[in-house]
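The values are calculated or read from the model by the stated rules, or taken from the named source; none is laboratory data. Predicted model, so just to flag it, every value in this text is computed and none were measured. Here the Cβ positions follow ideal geometry from the backbone for every residue, glycine too, while neighbour counts run over all protein chains shown.
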Amino acid sequence: MHIDFGTGLVVSALIGAIVLAMKPGDRLVPGIALVAAAIAALIDFRVIQLSSAKFRIDVILPAILTLTGGISWSRSSTKSTITAGTVVTLVGLIMLLSALRILR
(Lines give C-alpha, C1' and ligand atoms only; values in the text may rest on other atoms or scores of the structure.)
Protein backbone atom coordinates (compact mmCIF):
# COMPACT_ATOMS: atom_id res chain seq x y z
CA MET A 1 0.00 0.00 0.00
CA HIS A 2 1.34 3.41 -0.97
CA ILE A 3 0.19 6.72 0.43
CA ASP A 4 0.83 9.88 -1.52
CA PHE A 5 2.60 12.70 0.39
CA GLY A 6 -0.27 15.11 -0.26
CA THR A 7 -2.80 12.60 1.02
CA GLY A 8 -0.75 12.09 4.18
CA LEU A 9 -0.66 15.84 4.71
CA VAL A 10 -4.40 16.23 4.28
CA VAL A 11 -5.18 13.34 6.62
CA SER A 12 -2.78 14.76 9.23
CA ALA A 13 -4.45 18.17 9.00
CA LEU A 14 -7.88 16.58 9.32
CA ILE A 15 -6.90 14.60 12.42
CA GLY A 16 -5.26 17.67 13.96
CA ALA A 17 -8.34 19.79 13.26
CA ILE A 18 -10.57 17.15 14.85
CA VAL A 19 -8.42 17.19 17.99
CA LEU A 20 -8.60 21.00 18.09
CA ALA A 21 -12.37 21.01 17.61
CA MET A 22 -12.88 18.55 20.46
CA LYS A 23 -11.22 20.76 23.08
CA PRO A 24 -13.50 22.69 25.41
CA GLY A 25 -13.73 26.43 25.06
CA ASP A 26 -13.73 28.56 21.93
CA ARG A 27 -14.60 26.41 18.94
CA LEU A 28 -14.99 28.95 16.14
CA VAL A 29 -11.39 28.94 14.91
CA PRO A 30 -10.93 25.14 15.26
CA GLY A 31 -14.29 24.70 13.54
CA ILE A 32 -13.09 26.73 10.57
CA ALA A 33 -9.91 24.62 10.48
CA LEU A 34 -12.02 21.45 10.57
CA VAL A 35 -14.21 22.60 7.68
CA ALA A 36 -11.18 23.61 5.59
CA ALA A 37 -9.40 20.30 6.31
CA ALA A 38 -12.56 18.32 5.54
CA ILE A 39 -13.02 20.11 2.22
CA ALA A 40 -9.36 19.53 1.37
CA ALA A 41 -9.75 15.83 2.23
CA LEU A 42 -12.89 15.50 0.11
CA ILE A 43 -11.07 17.13 -2.81
CA ASP A 44 -8.01 14.92 -2.32
CA PHE A 45 -10.11 11.73 -2.19
CA ARG A 46 -12.01 12.92 -5.29
CA VAL A 47 -15.40 12.96 -3.59
CA ILE A 48 -16.05 16.57 -4.61
CA GLN A 49 -14.53 18.83 -7.22
CA LEU A 50 -14.27 22.57 -6.69
CA SER A 51 -13.09 25.01 -9.31
CA SER A 52 -13.32 28.74 -9.72
CA ALA A 53 -12.03 31.04 -12.40
CA LYS A 54 -11.46 33.90 -9.95
CA PHE A 55 -10.12 32.12 -6.86
CA ARG A 56 -7.45 29.47 -6.45
CA ILE A 57 -8.95 26.89 -4.11
CA ASP A 58 -5.56 25.14 -3.82
CA VAL A 59 -4.16 28.33 -2.23
CA ILE A 60 -7.16 29.41 -0.16
CA LEU A 61 -7.64 26.17 1.80
CA PRO A 62 -3.98 25.86 2.91
CA ALA A 63 -3.93 29.54 3.83
CA ILE A 64 -6.99 29.03 6.02
CA LEU A 65 -5.38 25.97 7.61
CA THR A 66 -2.17 27.90 8.30
CA LEU A 67 -3.98 30.84 9.89
CA THR A 68 -6.44 28.84 11.97
CA GLY A 69 -3.76 26.38 13.06
CA GLY A 70 -1.52 29.23 14.17
CA ILE A 71 -4.31 30.94 16.08
CA SER A 72 -5.31 27.65 17.73
CA TRP A 73 -1.68 26.90 18.59
CA SER A 74 -1.23 30.29 20.24
CA ARG A 75 -4.38 29.79 22.34
CA SER A 76 -3.58 26.21 23.36
CA SER A 77 -2.52 25.15 26.82
CA THR A 78 -2.52 21.34 26.80
CA LYS A 79 -0.01 19.07 25.10
CA SER A 80 -2.52 17.51 22.72
CA THR A 81 -3.90 20.80 21.45
CA ILE A 82 -0.44 22.34 21.11
CA THR A 83 0.63 19.35 19.02
CA ALA A 84 -2.55 19.44 16.94
CA GLY A 85 -2.19 23.18 16.35
CA THR A 86 1.41 22.70 15.30
CA VAL A 87 0.48 19.90 12.89
CA VAL A 88 -2.33 21.90 11.30
CA THR A 89 -0.12 24.97 10.95
CA LEU A 90 2.84 23.13 9.44
CA VAL A 91 0.70 21.04 7.09
CA GLY A 92 -1.11 24.17 5.91
CA LEU A 93 2.21 25.95 5.39
CA ILE A 94 3.69 23.04 3.41
CA MET A 95 0.56 22.82 1.27
CA LEU A 96 0.54 26.61 0.74
CA LEU A 97 4.19 26.75 -0.28
CA SER A 98 3.64 23.83 -2.66
CA ALA A 99 0.61 25.50 -4.23
CA LEU A 100 2.60 28.70 -4.73
CA ARG A 101 5.41 26.66 -6.34
CA ILE A 102 7.94 27.72 -3.72
CA LEU A 103 8.42 24.11 -2.63
CA ARG A 104 8.68 21.65 -5.47
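Of the conditions (1) surrounded by 19 or more Cβ atoms within 10 Å (Cβ to Cβ); (2) at pLDDT 95 or above, Ile82 clears all except one; give me its number.
(1)
Can you tell me which residues in the stretch 43-54 are surrounded by 15 or more Cβ atoms within 10 Å (Cβ to Cβ) and aliphatic (A, V, I, L, M)?
Matches in the stretch 43-54: Ile43 only.
Residue-by-condition table, conditions (1) under 27 Å from Lys79 (Cβ atoms); (2) without any contact (Cβ under 8 Å) to a residue 60 or more places away in the chain:
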residue	(1), (2)
Ser12	yes, no
Arg27	yes, yes
Ala33	yes, yes
Ala37	yes, yes
Lys54	no, yes
Ile57	no, yes
Ala63	yes, yes
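Which residue out of Gly70, Gly8 is part of a helix (DSSP H, G or I), surrounded by fewer than 15 Cβ atoms within 10 Å (Cβ to Cβ) and at pLDDT 95 or above?
On inspection, the qualifying residue turns out to be Gly8.
Examine the stretch 42-54 for a residue that is among the β-branched types (Val, Ile, Thr), part of a helix (DSSP H, G or I) and out of contact with any strand residue (DSSP E or B) (no Cβ under 7 Å at 6 or more places or on another chain), and state whether such a residue exists.
Yes, there is a match, as at least one residue in the stretch 42-54 is among the β-branched types (Val, Ile, Thr), part of a helix (DSSP H, G or I) and out of contact with any strand residue (DSSP E or B) (no Cβ under 7 Å at 6 or more places or on another chain).
Restricting attention to the stretch 55-67, report how many residues are buried (at least 23 other Cβ atoms within 10 Å of the Cβ) and over 13 Å from Val10 (Cα atoms).
Total meeting the criteria: 0.
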